[in-house]
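So the structure is just underneath, and the comments pick up after that.
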Amino acid sequence: MDLLLQYCLNGLMLGMMYALVAVGFTLFFGVLDVIVFSHGDTVMIGSFAGLATYWWLHSTYPGLPAGWAVLLVLLAAAATVALLGIIVADAMIVPLRKGPALNTLLATMMLGTVLRESIRLFFPDGSNPQTFPALLPGWSWRGGNLILRFDNLVLFCGGALIIFLVHMIINRTRLGMAIRAVAQDEEAARIMGVNFRFVVLATFALGSAVAAFAGVMNGMYYSEINFSVGLLLGAIGFSAAVIGGLGNIYGAILGGFIFAFLQTIGAVAIPFASAYKDVFAFGAVILIMAWRPTGLIAEPSSQRV
Amino acid sequence: MTDPGGKFRFKPLFIDGIHVAYGKAGVLSDVSMEILPGRITCLLGANGAGKSTLIRAVLGLTPPRQGSIAFDGMDITGAPTHAIVGKGIACIPEGRRIFPKMSAQENLLMGAFQERSKELIRARLEKVYGLFPRLAERRAQLAGTMSGGEQAMVSIGRGLMSAPKLLIIDEPSLGLSPALVNENFRIIRRICEEGTAVFLVEQNVRQTLAIAHYGYVLSQGRVVAGGLPAELKENEQVRKAYFG
Ligand SMILES: Nc1ncnc2c1ncn2[C@@H]1O[C@H](COP(=O)(O)OP(=O)(O)OP(=O)(O)O)[C@@H](O)[C@H]1O
Ligand SMILES: [Mg+2]
């Protein structure tokens, strides 16, 4: 029983991480109708930017309180990755829209490789896994065999806060209204006076910054990162966005938790070979897609943002 | 044009010898027009003549290959659409183009996207609701679930929300009942009387010429006639195309 509960807790944690990645996929698809395959590697860049920031903080301000360290690491990672997202959107994805959609797909796949190789080659000892510091105190709460880690709790609440903020931005701000308008009818949005380029760049900054949080979360959860973590995270985030119905933010969040739930079931149901949990989860995703091709909560006309 | 009375708030829209093409397919060649303040200027022409393309060129959605467009004394050729809109041009586009997943009210608010003053936005909202009481009742309904006529009201109301100097209207009557079409023409005339210049593309030639102050006829991408409504009614091209 405790073990089951433990799996559920871990599953929630992973679900939050996947949801944060999936939100990016779905936002980008909403405004530009593109799949940005390099988004998983953006998450990875977020992890490494966070790690580098930590190293710098650690050597420059050794006595920095944990709360500040976490906050600064997150902010630096988010800023770096948001800037990366803006550059990629402006220099690559928007110009490529003049050509066939497949070109964008291919170009972002290649960009993902470039990002991975850059970290592998240019980050200090980048080809080996890096220890990610426990930025928060290692307190934990124990009940029987159940362990509830304090840092996980903080990360989960932080993730929930970020999702809430994204929800507020999309539904309650002028920028959010513009993002929704562009997603529903790009040209009509322009005619209403929306600065299309600005909205696209802001969306990429937002989606990427959210991914950076997932990247740091990933590092703190596993205490280790490597240059290829983005491959799996990207595939999972993309799957989650598709399960939820591409373009639908709440669908993407739901999809993230569903994927983590599937992994957990996989791990619990085949305990002798929990290494197969991803195979099980992706297999289930394929079944879900066959059953609901437009996503679990998509409307007939494929809802956007 | 100087305007001491203040009713005509801008210098005209000058379209000067523009050529517009989609890819290799040329649509407009050497089109020149003047749309003056305080007036309803109409544009007639058969399907595919290039009327909507001309509007796209003015809005910067399909910038002209040659020629220039100036509005209110400023060259707007090749400017981004949001900048052109910012100069005081609004458009009720062909096919309404409402935002289906937004409420009627949010659609209206999109029409005032560049307006920062909350008071002004609220006042205009009330005005549009005064014009279309039906929208006031249904302000929270998703626009995509509204009837065709209601969607037309949303689209027209949205075009008014920026209180533009020039309002471009592309076939607002398409698919509406005769009663609603009459209502539309009444509203367009009123918009003009309140000081907004109107550039109107319409298929109801008789009614259009009845409210317009000036008109142009476009045929296969060229201006083939321009004049007062009475002159256009006598025009051979217009008669052939519309009055049998
Ligand atoms: N996006 C586009 N790509 C290629 N050709 C286009 C495009 N839009 C319009 N055209 C072509 O340009 C020509 C003019 O089209 P336009 O929409 O301007 O006509 P219109 O006068 O508005 O007609 P209607 O009265 O039917 O609305 C047509 O031959 C049309 O097929
Ligand atoms: Mg047209």
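The values are calculated or read from the model by the stated rules, or taken from the named source; none is laboratory data. The model shown is predicted, which means the values in this text are computed figures rather than measured ones. Because the Cβ atoms are built from the backbone with ideal geometry, glycine has one as well, and the counts that use them run over all protein chains shown. Protein only, heavy atoms only, side chains kept; ligands, DNA and RNA dropped before computing areas. Shrake-Rupley method; radii C 1.70, N 1.55, O 1.52, S 1.80 Å.
The charge dipole of segment B:1-130, taken about the Cα centre with unit charges on the Cβ atoms of Lys, Arg (+1) and Asp, Glu (-1), comes to about 360 debye, rounded to the nearest 20. In this simple spin-label model, placing a label point 7 Å from the Cα along the Cα-to-Cβ direction at both A:ALA269 and A:ASN171 gives a separation of 3.3 nm.
Its alpha carbons considered, segment A:35-74 gives a radius of gyration followed by a Dmax of 12.7, 43 Å. Projecting the Cα atoms of A:PHE282, B:ALA230, A:PHE272 onto the charge dipole of the protein assembly as shown, computed from C-beta unit charges around the Cα centre, puts B:ALA230 farthest toward the positive end. With both labels modelled 7 Å from their Cα along Cα-to-Cβ, the B:LEU180 to B:ARG116 distance reads 3.8 nm.
A convex hull fitted around the alpha carbon atoms of segment A:18-291 yields 145 Å³ per residue.
Charge tally around B:GLN237: other residues with Cβ under 13 Å, Lys/Arg +1 each, Asp/Glu -1 each, net +1. Compare the Cα positions of B:ASN107, B:VAL58, B:LEU142 along the charge dipole of chain B (+1 at Cβ of Lys, Arg; -1 at Cβ of Asp, Glu; about the Cα centre) and return the one farthest towards the positive end. Working it through, the farthest residue towards the positive pole turns out to be B:LEU142.
Estimated from helical segments only, the mean residue ellipticity of chain B at 222 nm is -10000 deg cm²/dmol, where each DSSP H run of four or more residues counts as -39500 (n - 2.57).
For the peptides B:187-196, A:204-213, A:78-87, the ranking by mean Cβ contacts within 10 Å, running from highest to lowest, is A:204-213, A:78-87, B:187-196.
Using the Cα centre of segment A:18-291 as the reference point, and only Cβ charges (+1 on K/R, -1 on D/E), how large is the resulting charge dipole? Debye, rounded to the nearest 20. Don't jump to the answer; show the numbers that get you there.
Numbers: 12 positive and 11 negative charges, 65 e Å.
It comes to approximately 320 debye.
Using a 1.4 angstrom probe on protein heavy atoms only, which residues from segment A:165-189 are buried by at least 20 Å² of accessible area when all chains are present rather than their own chain alone? The answer is A:ARG174, A:MET177, A:ARG180, A:ALA181, A:GLN184, A:ASP185, A:GLU187, A:ALA188.
Segment A:109-162 and segment A:1-38 have their alpha-carbon centroids 15 Å apart.
Cα centroid separation, segment A:195-233 to segment B:194-243: 56 Å.
In this Cβ point-charge picture (+1 for Lys and Arg, -1 for Asp and Glu), the protein assembly as shown has a dipole of about 900 debye about its Cα centre. Peptide B:152-161 shows a mean partner chain C-beta count of 1 within 10 Å per residue C-beta. Normalising by residue count, segment A:67-192 has a Cα convex hull of 192 Å³ per residue.
Full extension of the chain segment joining A:LEU5 with A:MET92 gains 26.8 nm, where the gain is 0.36 nm per residue of separation less the Cα-Cα distance.
Simple spin-label estimate for B:SER68 and A:TRP141 gives 7.2 nm between the two label positions (7 Å along the Cα-to-Cβ direction from each Cα). Here chain B has an Rg and Dmax of 17.5, 51 Å, counting Cα atoms alone. What translational diffusion coefficient, to the nearest whole µm²/s, does the protein assembly as shown have by Stokes-Einstein, given a Kirkwood radius computed over alpha-carbon pairs, a temperature of 37 °C and 0.692 mPa s viscosity? My calculation gives 125 µm²/s for D.
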